[in-house]
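The structure appears right after this line, and notes come after that.
The values are calculated or read from the model by the stated rules, or taken from the named source; none is laboratory data. Please read these numbers as outputs of a predicted model, since none were measured by experiment. Cβ placement follows ideal geometry from the backbone for every residue including glycine, while neighbour counts extend to all protein chains displayed.
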Amino acid sequence: MKLQTGKKMLDRARAGGYGVGAFSAHNAETIQAILAAAEEEQAPVMIQIGQRVIRSIGMEPMVRMIESFGRKSEATVAIHLDHGNSFEQAIEAIQLGFQTVMYDGSHHPLEINIANTRKVSEAAHAVGISVEGELGRIGGVEDDISVDEKDAMVTDVNEAIRYVEETGIDSLAISIGTAHGLYKGEPKLRFDRLAEIASVIPLPLVLHGGSGVPDEAIRKAISLGIAKINVDTELRQAFALKSQEIWRNDPDEYHLAIVFGAAKEAMKEKVKEKIRLFGSGGRG
């Protein structure tokens with residue numbers, strides 16, 4: 001496994017006009033699936049560690065599993081803290097060897113979000129770690145973070161300029177109409193706002209809630225400046241549906257290596273599908 005900073009990975013993506021897949025890992029098999037897909041497609045990837053898996057397994061065990069499986073992989077990887085909820089959690093991730101951390105202060109007033117994100121940036125940059133910030137609230141539910149549709153908001157251009165200038169972040173997650181989780185209908189994305197933000201902010205832009213967004217919408221978003229696309233729900237869905245299929249066909253199959261082995265392959269194929277959509281194959 002070739003570790004790479006998030007800044008280097010995403011700067012290359014924005015300059016090259018492709019997107020990097022940021023894929024959430026939840027256990028040993030999902031880590032293996034992401035690494036195998038990245039290696040087979042020769043694509044740079046971020047392996048994300050989110051809040052729910054931090055609570056259920058722990059941040060350090062997840063990092064150590066990625067490092068362990070990565071010893072036999074040629075994939076180019078950045079280990080990423082997703083939706084970091086505090087300065088202290090970001091510091092823990094930095095100390096554990098992450099290549100990139102996100103601080104999510106989007107639920108705070110702008111002044112507090114800026115102040116907290118700046119603290120994370122200063123600490124991370126002191127040791128060469130990249131930082132993602134978020135401005136605007138993305139609807140839906142992810143890792144127990146729930147935002148009602150009425151509370152979701154499109155990122156303001158002027159606020160984005162100020163936020164980037166005052167925090168020193170390396171990439172910016174924006175809200176343009178996507179949502180965490182699966183969509184009930186086709187999402188209506190604000191490409192006009194994305195284009196506005198991209199025209200005044202040279203940083204790589206990040207799209208959260210990438211699961212279930214139509215392929216053409218993803219391609220258009222990348223062409224307008226999106227360099228990182230988060231994918232979680234579709235991966236968990238592929239893994240779970242394959243497991244359900246095996247148990248439906250054979251309720252007495254108790255060998256987890258068989259069930260989760262097949263689920264791992266299903267998830268790997270979904271990751272490969274996304275890598276091809278994002279145009280990052282061969283860029284590792």
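Table for the structure above
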{"read-out": "Residue match in segment 140-162 (condition: modelled with pLDDT of 95 or more and crowded, with 18+ Cβ neighbours inside 10 Å)", "value": "yes"}
{"read-out": "The lone exception for residue 72 - which of (1) over 15 Å from the mean Cα position of the chain (by Cα); (2) modelled with pLDDT of 95 or more it fails", "value": "(2)"}
{"read-out": "Where a residue in segment 232-253 is under 18 Å from residue 28 (Cα atoms) and its partner, wherever it lies, is of a type in the set (A, V, I, L, M) and at pLDDT below 95, with Cβ under 6 Å and at least six apart", "value": "233/182"}
{"read-out": "Helices (runs of 4 or more DSSP H) contained in segment 163-276 and holding at least 1 residues among the basic types (Lys, Arg) and in contact with a Ser or Thr (Cβ under 9 Å, 6 or more places away or on another chain)", "value": "191-200, 233-249"}
{"read-out": "Tabulated pairs, segment 220-231, first within 18 Å of residue 170 (Cα to Cα), second at pLDDT below 95, C-beta under 6 angstrom, 6+ apart or interchain", "value": "229/210; 230/208; 230/210"}
{"read-out": "Candidate set: segment 92-113, residues that are over 19 Å from the mean Cα position of the chain (by Cα) and surrounded by fewer than 21 Cβ atoms within 10 Å (Cβ to Cβ); chosen: the one farthest from residue 156 (Cα to Cα)", "value": "95"}
{"read-out": "Verdict on residue 105 being at pLDDT below 95, in contact with a Ser or Thr (Cβ under 8 Å, 6 or more places away or on another chain) and assigned to a strand (DSSP E or B)", "value": "no"}
